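K.L.:
Just passing along the structure, written as structure tokens.
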Amino acid sequence: MSSAIKFGTSGWRAIVADEFTVANIRLAVAGIAAYVKTQPAPHRVLVGRDPRFLGENFVDIAARVLAGAGITPIVIPDAAPTPAIAYAVRELKASGAINFTASHNPPEYNGIKFSTHDGAPSLPEVTRQIEAAIGKLGDGSGIVIGSAPAGGFETVDVKPTFLKRLTELVDLKAIAKSGIKVVYDPFWGAGRGYSSDILRDAGVTVETVHDFRDVLFGGHAPEPDDHLLGDCKAKMQEIGAAIGIATDGDADRFGIVDGDGTFIQPNYIIALLFDYLVETRGWRNGVAKSVATTNLINALAEHHKVPLYETPVGFKYIGELIIADKIAIGGEESAGLTIRGHVPEKDGVIAGLLVAEMVATRGKSLGVQLKELFAKVGSFYPVRENFRLTAEVKAAFTEKMKADPTELGGRRVAQIVRTDGLKLILEDGSWVCYRLSGTEPVVRAYTEARSEQDMESLKAAAEKFVMG
């Protein structure tokens, strides 16, 4: 039974009532408890959730398993963003946090994210220890289920301290002074009442959509992606908003819409904010990005003469660099970012607020700012595609990934990077990065052309290399 529990890049996720069962939740939490007990005392663990179905019940189950293991659970009663929980771990000097969320996955999923005492997503060496502990529990019949003390488990409201920290990191006065209007779409998720409250309290005109609990997230994945932002765009048009900001189910990812209704992809948002933070904060300590994220960031790092860190995919690697204060900003093309002095975890809330600040301060749309960025360091056009593979094609492609190709679609390969998967950098600076999924027969192909004209031919070459 426990073999079903595998902690990937963002914890363990599964379909409720299939593998995400009460028995497996108890096993997972008992495994986490065993890991926590190897860490320094006192052993106190936060237990939180996003607004998914049965979340409150799962939190109670986890609290009882922790109590049974001699660990003090601190329950977060309301749905809370992953970054707010990460901040609370650090503030309360807790041993870690168990967060019931499946992030941007469809509503039938739930999951467990475990953050360590530093508020960062657990690193592979930690999840290996947790999985090993789960393996030793067998069918879980030996797990002790504790009971709540007379007045119930200790609770904490993570919202006030987190919002206070955001007011220290974002220039809210500049947003209010500019007079721009903002639309916020929490996608029925844990971000509800965070971005909108902080902006309203600062005197900014904010309207929201999808701002109520719906455990089915409108019948689709709570993912702030272009094709799901129609209601946000309509509301923006209605009130004349300069920007639309959205967050996913647990508010660790962001989606941004420009004043004219254009979705600005996360690759570009990270690059724009990096440039803006160097300009306004004077932070020149470095920048981090995953290997699959735009090389526009590499060009900007060179332009600003700051160190560049290219990490494997998985935000925990960027989190380590934040903890070490080696970077001003770190981000992934899958819409995760954080900044210096903040949590070592993806934060969709601060991402949206910083973009609002940038638009307000510069007095220019994101589209105009992006054109100016291209004029400064050159243009970059990134795309991500997933290719489903037959067992035969997957086997052949796995072998191909081990080789050192000298050309792709008739173009010479100038450099091969193996930080994560296989990244082929071509002579003109365009590139393709391949990553095989660990969970399904899919290869993710990330391509980046240097001109819009070249995008189609590069994508075709990238696909041919896979299916060849």
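K.L.:
Could you count how many residues in the range 156-182 are touching an Asp or Glu at 6+ places or on another chain (Cβ under 9 Å) and over 26 Å from Arg340 (Cα atoms)?
P.N.:
Matching residues across the range 156-182 total 1.
K.L.:
Now a separate question. Go through (1) part of a helix (DSSP H, G or I); (2) out of contact with any strand residue (DSSP E or B) (no Cβ under 9 Å at 6 or more places or on another chain) and name the single condition Tyr35 misses.
P.N.:
Going through the list (1) part of a helix (DSSP H, G or I); (2) out of contact with any strand residue (DSSP E or B) (no Cβ under 9 Å at 6 or more places or on another chain), Tyr35 breaks only (2).
K.L.:
From Gly244, Gly255, Gly219, grab the single residue that is surrounded by fewer than 23 Cβ atoms within 10 Å (Cβ to Cβ) and not hydrophobic (A, V, I, L, M, F, W, C).
P.N.:
Exactly one of Gly244, Gly255, Gly219 is surrounded by fewer than 23 Cβ atoms within 10 Å (Cβ to Cβ) and not hydrophobic (A, V, I, L, M, F, W, C), namely Gly219.
K.L.:
Give just the number: which of (1) in a helix (DSSP H, G or I); (2) touching a residue at least 60 places away in the same chain (Cβ under 8 Å); (3) over 22 Å from Gly314 (Cα atoms) does Asn24 not satisfy?
P.N.:
Among (1) in a helix (DSSP H, G or I); (2) touching a residue at least 60 places away in the same chain (Cβ under 8 Å); (3) over 22 Å from Gly314 (Cα atoms), the lone unmet condition for Asn24 is (2).
K.L.:
Consider Ala292 carefully, then state whether it is crowded, with 19+ Cβ neighbours inside 10 Å, in the same structural domain as Trp188 (by TED's automatic domain parsing) and either assigned to a strand (DSSP E or B) or touching a residue at least 60 places away in the same chain (Cβ under 8 Å) (or both).
P.N.:
So Ala292 fits the description; yes.
K.L.:
Same structure, new question: Do you know which residues across the range 125-154 are surrounded by 15 or more Cβ atoms within 10 Å (Cβ to Cβ) and not in a loop (DSSP other than H, G, I, E, B)?
P.N.:
Val126, Thr127, Gln129, Ile130, Glu131, Ala133, Ile134
K.L.:
Can you pull out the helices (runs of 4 or more DSSP H) entirely within the range 295-402 that have at least 1 residues that are within 20 Å of Arg284 (Cα to Cα) and in contact with a strand residue (DSSP E or B) (Cβ under 6 Å, 6 or more places away or on another chain)?
P.N.:
296-304, 315-323, 348-362
K.L.:
List pairs: first in the range 441-468 and outside any helix (DSSP H, G or I) and surrounded by fewer than 14 Cβ atoms within 10 Å (Cβ to Cβ), second among the small types (Gly, Ala, Ser) and at pLDDT 95 or above, Cβ under 8 Å, 6+ apart or cross-chain?
P.N.:
Ser451/Ser379
K.L.:
Go over the candidates Ile339, Ile327, Ile297 one by one and state the one that is within 14 Å of the chain's Cα centre (by Cα) and buried (at least 22 other Cβ atoms within 10 Å of the Cβ).
P.N.:
Of Ile339, Ile327, Ile297, the one residue that is within 14 Å of the chain's Cα centre (by Cα) and buried (at least 22 other Cβ atoms within 10 Å of the Cβ) is Ile339.
K.L.:
From the list Phe114, Phe53, exactly one residue is surrounded by fewer than 17 Cβ atoms within 10 Å (Cβ to Cβ) and closer than 20 Å to Ala251 by Cβ. Which is it?
P.N.:
Exactly one of Phe114, Phe53 is surrounded by fewer than 17 Cβ atoms within 10 Å (Cβ to Cβ) and closer than 20 Å to Ala251 by Cβ, namely Phe53.
The values are calculated or read from the model by the stated rules, or taken from the named source; none is laboratory data. In this text, all values refer to a predicted model and were calculated from it rather than measured experimentally. Glycine also receives a Cβ, built like all others from the backbone with ideal geometry; neighbour counts cover every protein chain displayed.
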